[in-house]
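> A single structure is presented below for examination.
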Amino acid sequence: MTGGARGRAWRVGLDNYGLYPLDLSPLDTLAWALAHGADGVSFSGLTPAWQDRLDDAALRDVREYAAGQGLYLEWGGAQHIPRDMTSWARKDLFHTNRRAAREASTLGAALVRSCSGGLMRWDAASPPTDVLLRETAEALRGQESMWRDHGVVLAIETHFEFTSFELLRLFEMCGAEPGGWLGICLDTMNLLTMIEHPETATARLLPWVVSTHMKDGGVLASRDGLVTFPAPIGAGVVDLGAIIRMLAALERSVNLSVEDHGGSFLLPIHDAAFLSRFPDAAGAELRALIDLADATQAAPSCRPLDRDAWPAACESRLTHDLRALGALAGAAKAAQEVRT
């Protein structure tokens with residue numbers, strides 16, 4: 001699958017999260033990706049059973065297989081908020097992240113995705129976001145030399161912990177600069193759930209983007225607020241073509257990794273207390289989301305898929321997503337060649 005960033009080829013692969021129902025080993029995940037035309041795999045993480053079997057020999061086998069087939073590898077398993085996201089008790093992330101960094105280094109992977117679980121704003125008992133930002137910055141500053149020593153970038157996903165505005169503040173608090181030890185794993189659909197327009201938020205974070213979860217999605221109005229959800233690539237309202245063109249402006253290569261899954265997320269935007277936890281969600285951001293809800297309503301094929309239905313649908317949907325994303329990358333490449 002080809003496309004380009006400043007004349008380089010796009011590499012279109014997948015994130016292994018969508019294949020979790022198949023309970024594949026890392027090697028079998030790579031084989032599935034290869035058989036379905038993917039250029040690589042971003043391993044967000046592994047099920048506990050497979051993680052427990054992952055010794056140095058297994059990591060070397062994964063590295064050798066990927067290298068032999070020309071597949072890219074990205075790794076996961078890191079966290080950035082030094083709290084248990086259920087009890088809110090403090091916890092030390094250093095050993096967890098050092099293990100992820102060491103695994104990535106052994107694999108020859110340049111980055112590790114970080115996700116702490118999120119949805120904290122949906123929990124009234126959670127600590128204030130400003131507190132969690134300060135604690136996260138303090139924890140990450142203490143890890144900087146470790147990440148640099150391993151030659152690995154910590155890629156914080158645009159998940160459900162921090163908005164793009166808050167992530168930029170976090171990087172400033174860490175004294176980080178784009179192209180260094182901290183970066184962004186850009187999940188394009190999750191931005192909707194954080195009351196952000198995907199293109200606008202991508203523009204804010206663009207200098208920091210080092211990896212992607214390319215995910216289409218939709219927004220529907222409901223009695224209780226807005227509902228966001230993933231959708232097959234091309235069926236939703238996330239303009240992935242525009243985002244790919246934005247990524248093409250980067251000097252570095254960024255892999256395009258499909259992530260997809262079932263389920264949906266309720267945003268109770270009529271609840272003033274909930275909305276107050278998104279202080280950067282200015283009127284323009286919320287209005288943009290409501291416009292996307294109108295567009296979703298007008299597209300009857302863009303509707304949520306229950307999480308329980310995902311195991312039966314995962315292979316066919318990811319196969320579709322890989323082809324659709326490859327076509328978008330190819331179109332972006334062609335448009336770039338016409339301009340130049």
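The values are calculated or read from the model by the stated rules, or taken from the named source; none is laboratory data. A quick note: this is a predicted structure, and the numbers were derived from the prediction, not measured. All Cβ positions, glycine included, derive from the backbone under ideal geometry; neighbour counts span all protein chains shown.
> Quickly run through segment 238-277 and pick out the residues that are crowded, with 16+ Cβ neighbours inside 10 Å, farther than 30 Å from Gln336 by Cβ and within 20 Å of the chain's Cα centre (by Cα).
His261, Gly262, Ser264, Phe265, Leu267 - these are the residues of segment 238-277 that are crowded, with 16+ Cβ neighbours inside 10 Å, farther than 30 Å from Gln336 by Cβ and within 20 Å of the chain's Cα centre (by Cα).
> While we're here: Test each condition in (1) within 21 Å of Thr319 (Cβ to Cβ); (2) touching a Phe, Trp or Tyr at 6+ places or on another chain (Cβ under 7 Å) for Val112 and report the one that comes out false.
Just one mismatch for Val112, condition (1).
> Taking the conditions exactly as written (among the polar types (S, T, N, Q), loosely packed, with under 14 Cβ neighbours inside 10 Å and touching a residue at least 12 places away in the same chain (Cβ under 8 Å)), does Gln79 satisfy them or not?
no
> Could you tell me which residue of segment 26-69 is farthest from the chain's Cα centre (by Cα), considering only residues that are of a type in the set (Gly, Ala, Ser) and buried (at least 18 other Cβ atoms within 10 Å of the Cβ)?
Step one: list which residues in segment 26-69 are of a type in the set (Gly, Ala, Ser), which gives 31, 33, 35, 37-38, 40, 42, 44-45, 49, 57-58, 66-68.
Those still in the list that are buried (at least 18 other Cβ atoms within 10 Å of the Cβ) too: 33, 38, 40, 42, 44-45, 66.
On the way: Ala33: 18, Ala38: 17, Gly40: 15, Ser42: 10, Ser44: 9, Gly45: 12, Ala66: 21 Å.
For segment 26-69, the residue satisfying everything is Ala66.
> Go through the residues of segment 280-293 one by one and say whether even a single one is touching a residue at least 12 places away in the same chain (Cβ under 8 Å), in contact with an Asp or Glu (Cβ under 8 Å, 6 or more places away or on another chain), in a strand (DSSP E or B) and surrounded by fewer than 20 Cβ atoms within 10 Å (Cβ to Cβ).
no
Per-residue answers, yes or no, for (1) within 17 Å of Leu93 (Cβ to Cβ); (2) buried (at least 16 other Cβ atoms within 10 Å of the Cβ):
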residue: Gly142; (1), (2): yes, no
residue: Val152; (1), (2): yes, yes
residue: Leu192; (1), (2): no, yes
residue: Met214; (1), (2): no, yes
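> Restricting segment 300-340 to residues that are modelled with pLDDT under 95 and not in a helix (DSSP H, G or I), which is nearest to Gly262 (Cα to Cα)?
Selected residue: Ser301.
> Would you point out the residue of segment 102-120, among those that are modelled with pLDDT of 95 or more and not small (Gly, Ala, Ser), that is surrounded by the fewest Cβ atoms within 10 Å (Cβ to Cβ)?
Arg102
> If I filter segment 102-123 for residues that are over 19 Å from the mean Cα position of the chain (by Cα) and among the β-branched types (Val, Ile, Thr), do I get at least one hit?
Yes; the residues of segment 102-123 include at least one that is over 19 Å from the mean Cα position of the chain (by Cα) and among the β-branched types (Val, Ile, Thr).
> A further question on this structure: In this structure, is Trp75 outside any helix (DSSP H, G or I) and on the phi > 0 side of the Ramachandran plot?
no
> Considering only segment 123-236, give the strands (runs of 3 or more DSSP E) lying wholly within it that have at least 2 residues that are out of contact with any Cys (no Cβ under 9 Å at 6 or more places or on another chain).
Strands (runs of 3 or more DSSP E) meeting the threshold: 153-157, 182-187, 216-222, 225-231.
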